[in-house]
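Novice: To start, I am sharing the structure in question, which I have written as structure tokens.
The values are calculated or read from the model by the stated rules, or taken from the named source; none is laboratory data. Worth saying up front: this structure is predicted, and the values here are computed from it rather than measured. With ideal geometry, Cβ positions are generated from the backbone for all residues, glycine too; neighbour counts draw on all protein chains shown. What goes into the accessible areas is simple: the full protein's heavy atoms, side chains included, and nothing from ligands, DNA or RNA. Shrake-Rupley method; radii C 1.70, N 1.55, O 1.52, S 1.80 Å.
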Amino acid sequence: MITLYCLENGALVRRVAENLQTLPDNVLWVDLLSPDQQEERFVESELGLDIPTREELAEIEDSSRFYDEDGAIFMTTTVVMGIADRRPENAEVTFVLTKRRLVTVRYSELSAFRQFESKSSRQPSNYATSHQIFLALADAVVDRIADVLESVQVELQALSRRIFDERKEHRRDLQQIIQQLGQHRSLLSQLGESLFSSSRLIAFYRLHAGEPKQGVAKGLLKALERDVRSLGEHQARLLGDIAFLLDATLGLINIEQNSIIKVFSIAAVLFLPPTLVGTVYGMNFERMPELGWPLGYPMALGMMVISAIIPYAWFKFRDWL
């Protein structure tokens, strides 16, 4: 699908392209969402560009993701999608930036692009050039990462309270907590990859596009660089928090397991002397002095009880119970 964003009366207006023969002169941004070959050929012929295919978007080497060709800057970045559904995946987005127009190529619906559309409708004067639109889109991607990091931080704080709550019923399912920590760890790794990709994107843009002369674009670029740097530090700190919480959870699991083993060990020690007494008097030898004694049976029961009480009292004295 081809979506056009045109500059009309100083505002950015969205138009869905259908049965186009040519691109209007006032188009600033051409958004290709899961384009077919016909749509790719149309945009290539109109703009004189070689639009990257889906296979080319997936390549990881810098030479394939960032390059300058015939006055156009090609930049591919990684964006995390599917966060709301708890199934985060990496998606690739390519920005093709020329002096007059911006072309984006993507194969997934991205919330950052939807956020940009709502934001551009509130401040139409800030998106009057292709460079301003590109920087605003990059800023929307970074803002989305910031929102996700904030939500992860809130969830980690809730998990921390559950883990260290003195009431055991509030942290009963430690296995579920470990699974949640693992999910957050995986998500943060993907966000870190997206942040790293965004930093490469901004550095390549600054190198090949130069310092923006216009105030809006210049301010956006500086804010982007500052946000990416601070979010990278925040993401690293959250990874450290997850490592600490994971170690604490595993430690609590070990403590609980040791407590269970301790109970079984003490029970075995307590019942060992009575078992020994019962075993001795359970022998079937013909001559045993106590067999004919009227008090033999009460004596054996008493010895069993006393032999269990003595170890119990010793354990209590040593605070082992």
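Novice: List every residue pair whose Cβ atoms lie under 8 Å apart, where the two residues are 6 or more positions apart in sequence or sit on different chains, the first residue falls within the stretch 253-272 and is more than 27 Å from I178 (Cα to Cα), and the second residue, located anywhere, is open to solvent by 100 Å² or more (accessible area, probe 1.4 Å) and part of a helix (DSSP H, G or I).
Specialist: L270/Y312
Novice: If I ask for residues that are in a helix (DSSP H, G or I) and open to solvent by 60 Å² or more (accessible area, probe 1.4 Å), which ones from the stretch 296-321 would you list?
Specialist: Y297, P298, L301, M303, V305, I306, I309, I310, Y312, W314, K316, F317
Novice: So if I check each of E46, E59, E39, which one is part of a loop (DSSP other than H, G, I, E, B) and in the same structural domain as G192 (by the TED database)?
Specialist: E59
Novice: Do we have any residue at all in the stretch 251-262 that's farther than 30 Å from A203 by Cβ, assigned to a helix (DSSP H, G or I) and among the charged types (D, E, K, R)?
Specialist: For the stretch 251-262, residues farther than 30 Å from A203 by Cβ, assigned to a helix (DSSP H, G or I) and among the charged types (D, E, K, R): present.
Novice: Would you point out which residue out of F285, F204 is out of contact with any helix residue (DSSP H, G or I) (no Cβ under 8 Å at 6 or more places or on another chain), of a type outside the set (V, I, T), farther than 26 Å from Q183 by Cβ and assigned by the TED database to the domain that holds L156?
Specialist: F204
Novice: If I go through the stretch 132-156 residue by residue, how many of them are in contact with an Asp or Glu (Cβ under 8 Å, 6 or more places away or on another chain) and closer than 16 Å to E193 by Cβ?
Specialist: 2
Novice: Starting from residues that are assigned to a loop (DSSP other than H, G, I, E, B) and over 25 Å from E92 (Cα atoms), keep the ones in the stretch 8-17 and report whichever is most open to solvent (accessible area, probe 1.4 Å).
Specialist: Only one residue fits best here, namely N9.
Novice: Here's something else I'd like to know. Could you list, ordered by first residue, the pairs with Cβ atoms under 6 Å in which the first is in the stretch 238-249 and open to solvent by 40 Å² or more (accessible area, probe 1.4 Å) and the second is outside any helix (DSSP H, G or I) and of a type outside the set (F, W, Y), at least 6 apart or interchain?
Specialist: Between residues of the stretch 238-249 that are open to solvent by 40 Å² or more (accessible area, probe 1.4 Å) and residues that are outside any helix (DSSP H, G or I) and of a type outside the set (F, W, Y), there is no close pair.
Novice: Within the stretch 20-79, can you find the residues that are of a type in the set (S, T, N, Q) and open to solvent by less than 10 Å² (accessible area, probe 1.4 Å)?
Specialist: Across the stretch 20-79, the qualifying residues are T76, T77, T78.
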